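Reviewing the structure listed below.
The values are calculated or read from the model by the stated rules, or taken from the named source; none is laboratory data. All of these numbers come straight from a predicted model, not from anything done at the bench. Every residue, glycine as well, gets a Cβ built from its backbone with ideal geometry; the counts of neighbours run over all protein chains shown. Each accessible area value is taken on the protein alone, full model and side chains, heavy atoms only, with ligands, DNA and RNA left out. Shrake-Rupley method; radii C 1.70, N 1.55, O 1.52, S 1.80 Å.
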Amino acid sequence: MARLFGTDGVRGVAGRDLTAELAMDLSVAAAHVLGDAGAFAATGRRPVAVVGRDPRASGEFLEAAVVAGLAASGVDVLRLGVLPTPAVAHLTAALGADLGVMLSASHNPAPDNGIKFLARGGFKLSDAVEDEIERRLGEEWSFPVGSGVGRVRDAYGEADRYISHVLTTMNAGLDGLHVVVDCAHGAAHMVAPEALVRAGARVEAIGARPDGLNINDGHGSTHLDKLCQVVVSRGADLGVAYDGDADRCLAVDHTGAIIDGDQIMAVLAAALHGDGLLAKDTVVATVMSNLGFKLAMRGAGITVVETAVGDRYVLERMKADGFNLGGEQSGHVIMLDHATTGDGLLTSLQLLGVVAKSGVPLKELASIMTSLPQILINVKDVDKGKAAAPELLAAVATAEAELGETGRVLIRPSGTEPMIRVMVEAASEEHATMVANRLADVVRKVCV
């Protein structure tokens with residue numbers, strides 16, 4: 001059977017793939033693996049869980065199922081309501097909870113939903129812990145009765161604790177900055193505008209009227225056209241956009257040009273480096289970050305450490321080696337001094353803080369790096385197990401020699417499909433396209 005947990009929890013179409021029964025079963029298994037209810041019997045204390053969700057309509061029944069499973073397993077539950085994933089992660093730690101649960105499918109459309117579990121301290125689970133939860137699904141349990149069952153209470157006011165936390169990370173107010181914020185009709189629709197206003201910015205919010213069905217619909221970090229239009233038409237200094245669960249952030253400068261995750265990391269890394277706050281003068285990025293980012297960081301005296309694609313791998317490397325800044329081109333930025341996961345609101349506040357403190361427009365700050373043209377070809381219906389075939393490796397070596405230091409090649413098998421991804425960066429789009437097509441032809445010939 002295929003693994004139930006994906007790269008970011010369990011996801012699927014709510015009511016079909018992700019049913020109430022599955023949500024309850026997962027929460028019961030997670031209660032025993034993460035809450036370890038039996039271990040608390042001798043202390044007289046029940047384990048505690050916090051549960052949050054984004055505004056999807058399906059989140060209502062899934063929340064009820066998760067809460068029921070946890071409480072039936074002897075776990076006390078604090079129901080946080082609609083909050084971003086990083087807020088749930090922060091509150092898992094701040095409230096001393098034994099586990100956290102977030103119901104969201106991030107940037108996916110409204111019919112989808114997902115369940116993400118967090119360990120003590122608010123960190124994402126390792127593959128091994130997820131596998132243990134999956135292994136124990138459907139196991140026969142001895143459920144508590146009477147006073148042993150978990151109690152459930154609403155804790156909606158804890159949103160302010162999260163807002164206060166992200167505001168304390170700033171070393172400059174945002175007075176005078178005119179900001180447009182796109183909340184994707186998602187989990188940040190209340191906390192983000194509130195935090196930005198409290199930080200001193202003049203705020204115009206769009207995508208901030210969720211109805212349960214419009215999350216990510218034409219708004220947010222995956223649909224930036226509306227934000228670009230509003231920033232320019234209102235004469236704003238810049239705009240920021242989150243995804244559905246607000247764990248990522250992208251930006252738009254005053255001309256309407258998009259500032260991606262690599263550029264945001266470059267601005268933040270340079271600012272931290274200048275203040276002597278960038279741990280080990282290093283930033284962590286994935287292999288998909290643009291070569292222009294790496295060249296810019298080298299020029300600024302900053303080391304770039306690469307990981308596999310996925311913010312969990314970025315976080316693992318940061319924790320293992322003591323780094324405090326990392327992220328992805330998609331806008332997942334992790335600032336480990338302040339958060340345990342990617343946090344779109346925190347990222348935007350830190351970015352705006354650099355703009356405000358320096359007095360330099362975002363467009364000029366982002367020019368620290370020049371993105372090289374990047375061509376990605378997904379070669380489908382091939383044997384991805386042959387991605388290291390000698391003939392393909394030889395073709396890659398030839399392409400790398402041809403591109404030199406102003407280009408890059410990445411051959412990456414898909415984790416879920418019979419497909420090999422060919423990514424090429426070069427000084428010109430024409431050169432990148434030519435090399436990518438040539439390598440894709442080799443993949444089609446060799447990987448059969």
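A few comments on the model shown:
- Pairs, first at positive phi in the range 184-209, second part of a helix (DSSP H, G or I) and among the basic types (Lys, Arg), C-beta under 8 Å, six or more apart: Gly207/Lys226
- Among the residues of the range 202-239, those that are open to solvent by 20 Å² or more (accessible area, probe 1.4 Å), part of a loop (DSSP other than H, G, I, E, B) and either over 15 Å from Val179 (Cα atoms) or aromatic (Phe, Trp, Tyr) (or both) comprise Arg209, Pro210, Asp211, Leu213, Asn214, Asp217, Gly218, His219, Thr222, His223.
- Glu391 being among the acidic types (Asp, Glu) and closer than 27 Å to Gln263 by Cβ: no
- Listed conditions (1) in contact with a helix residue (DSSP H, G or I) (Cβ under 9 Å, 6 or more places away or on another chain); (2) surrounded by 15 or more Cβ atoms within 10 Å (Cβ to Cβ) are all met by Met434, apart from (1).
- Of residues in the range 98-116 being open to solvent by 10 Å² or more (accessible area, probe 1.4 Å) and outside any loop (DSSP other than H, G, I, E, B), the one farthest from Leu336 (Cα to Cα): Asp112
Listed here are the residues, each with its yes/no results for (1) open to solvent by 10 Å² or more (accessible area, probe 1.4 Å); (2) in contact with a Leu (Cβ under 6 Å, 6 or more places away or on another chain); (3) under 18 Å from Val360 (Cα atoms).
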site	(1), (2), (3)
Ala241	no, yes, no
Gly244	no, no, no
Asp253	no, yes, yes
Ala257	yes, no, yes
Gln263	yes, no, yes
Ala271	yes, no, yes
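- If you go through the range 293-323 and pick out every residue that is small (Gly, Ala, Ser), modelled with pLDDT under 95 and either within 13 Å of Gln263 (Cα to Cα) or crowded, with 20+ Cβ neighbours inside 10 Å (or both), you end up with 0.
- For Arg298, the stated conditions hold: it is of a type in the set (Lys, Arg) and more than 30 Å from Ala128 (Cα to Cα).
- Flag for Val354 being within 30 Å of Gly256 (Cβ to Cβ) and either open to solvent by 20 Å² or more (accessible area, probe 1.4 Å) or in contact with a helix residue (DSSP H, G or I) (Cβ under 8 Å, 6 or more places away or on another chain) (or both): yes
- Taken over the range 1-47, the residue count meeting the criterion of being at pLDDT below 90, basic (Lys, Arg) and surrounded by 13 or more Cβ atoms within 10 Å (Cβ to Cβ) is 1.
Residues are listed down the side, and each one gets a yes or a no for (1) closer than 28 Å to Val424 by Cβ; (2) out of contact with any Leu (no Cβ under 9 Å at 6 or more places or on another chain); (3) among the polar types (S, T, N, Q):
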position: Asp321; (1), (2), (3): no, yes, no
position: His332; (1), (2), (3): yes, yes, no
position: Met335; (1), (2), (3): no, no, no
position: Ser358; (1), (2), (3): no, no, yes
position: Leu362; (1), (2), (3): no, no, no
position: Gln374; (1), (2), (3): yes, no, yes
position: Leu392; (1), (2), (3): yes, no, no
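- Every condition in (1) under 28 Å from the mean Cα position of the chain (by Cα); (2) open to solvent by 70 Å² or more (accessible area, probe 1.4 Å) is met by Val448 except one, and the failing one is (1).
- Gly176 vs. criteria free of Cβ contacts under 8 Å to residues at least 24 places away in the same chain and open to solvent by 10 Å² or more (accessible area, probe 1.4 Å): no
- Restricting the range 142-166 to residues that are outside any loop (DSSP other than H, G, I, E, B), farther than 14 Å from Pro86 by Cα and in contact (Cβ under 8 Å) with a residue 24 or more places away in the chain, the residue that is least open to solvent (accessible area, probe 1.4 Å): Gly148
- The sole residue among Ala389, Ala366 that is open to solvent by less than 60 Å² (accessible area, probe 1.4 Å), among the hydrophobic types (A, V, I, L, M, F, W, C) and more than 24 Å from the chain's Cα centre (by Cα) is Ala389.
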